[in-house]
Amino acid sequence: MNLEQIFHTPNPIIGVVHLLPLPTSPRWGGSLKAVLDRAEQEATALASGGVDGIIVENFFDAPFTKHHVDPAVVSAMTLIVERLMNMIALPLGINVLRNDAKSAIAIATCVRAQFIRVNVLTGIMATDQGLIEGEAHQLLRYRRELGSDVKILADVLVKHAQPLGSPNLTTAVQETIERGLADGIILSGCATGSPPSLEDLELASAAAKNTPVFIGSGANWENISTLMAAAD
């Protein structure tokens, strides 16, 4: 994955648009216009603030399904991402929570977004949604069928989860790249807002070699100069 080619910088900052609850989610408010308006405000603010890319996720749809989201969610996210792409001249990505990578890559391919985030690409994680199994084979096969070049950024030992078994971080990174064929990997802390440790980032970067390593949570102005020494 060539970060310069996609983001025009070797060290991109990706801002997140957290969508308000979408149709069929427990807290859906009944107005897609309200969701669109909020997404537009967030994307505009992020772009004005100087981010190098934006990722859109259905953050407020919690509690999440562990597999496939409802078609209404896919429809709404497609509409929203297309609207943002017409407004903001930045690379866009998609994360369909909790782990609907197939829907994410379908949306991204249709609207010509550049990347997706996949919480569990390989292995098995115990989460608050139950056991989530990686489906790298199905996803990579589907990408080929679509004729798509959408990049896959995959979490390694994703936050809000525990691995089934005790995989070594180095091994987990290597298998996500070499066996899961991830284009980039993401390392987070234990929960949203919690940063990964510098030691874990250094281990992940060494294992990833030429594959980009992203900080997936907890980066802020106080710690970024330290963390970025071991990440892309």
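Data overview
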item	result
Stretchable slack from K209 to T226, in nm (0.36 nm times residue separation minus alpha-carbon distance)	4.2 nm
Within a Gaussian network of the chain (alpha carbon springs, distance under 10 Å), most fluctuating of T127, T78, T192	T192
Cα gyration tensor shape of region 81-232, rounded if a/c is under 1.5, else prolate or oblate by comparing a/b with b/c	oblate
Rounded accessible area of D149 (nearest 10 Å², 1.4 Å probe)	110
Rounded if a/c under 1.5, otherwise prolate or oblate - region 23-120, Cα gyration tensor axes	oblate
25 °C / 0.890 mPa s Stokes-Einstein diffusion coefficient of region 158-232, Kirkwood radius on C-alpha pairs, µm²/s	197
Extension gain from N2 to M87, taking 0.36 nm per residue of separation minus the Cα-Cα distance	28.2 nm
Accessible surface, the chain, averaged per residue in Å² (probe 1.4 Å)	48
Ranking by accessible area, most exposed first, for T226, T211, T122 with a 1.4 Å probe	T226, T122, T211
Among S103, S217, S188: highest mean-square fluctuation, GNM of the chain, C-alpha pairs under 10 Å	S217
Simple spin-label estimate for C190 and A45 in nanometres, 7 Å along Cα-Cβ	2.9
Estimated 222 nm signal from helices in the chain, with DSSP H stretches of n ≥ 4 weighted -39500 (n - 2.57), rounded to 500	-11500 deg cm²/dmol
Local electrostatic count at V35 - Lys and Arg +1, Asp and Glu -1, tallied over other residues with Cβ under 12 Å	0
Residue of R112, R144, R83 that the Gaussian network model of the chain assigns the largest fluctuation, springs spanning Cα pairs under 10 Å	R144
Exposure ranking of R141, R98, R38, R179 by accessible area [1.4 Å probe, largest first]	R179, R141, R38, R98
List H68, H8, H18, H160, ordered by accessible area with a 1.4 Å probe, largest first	H8, H68, H160, H18
Theoretical gain in end-to-end length, R179 to L146 [0.36 nm per residue, Cα-Cα removed]	9.8 nm
Neighbour net charge for N99 - beta-carbon separation under 14 angstrom, K R +1, D E -1	-2
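The values are calculated or read from the model by the stated rules, or taken from the named source; none is laboratory data. Please read all numbers here as calculations on a predicted model, not as lab measurements. Cβ sites come from the backbone with ideal geometry, for glycine too, and all protein chains shown count toward neighbours. SASA here: full protein model, heavy atoms, side chains in, ligands and nucleic acids out. Shrake-Rupley method; radii C 1.70, N 1.55, O 1.52, S 1.80 Å.
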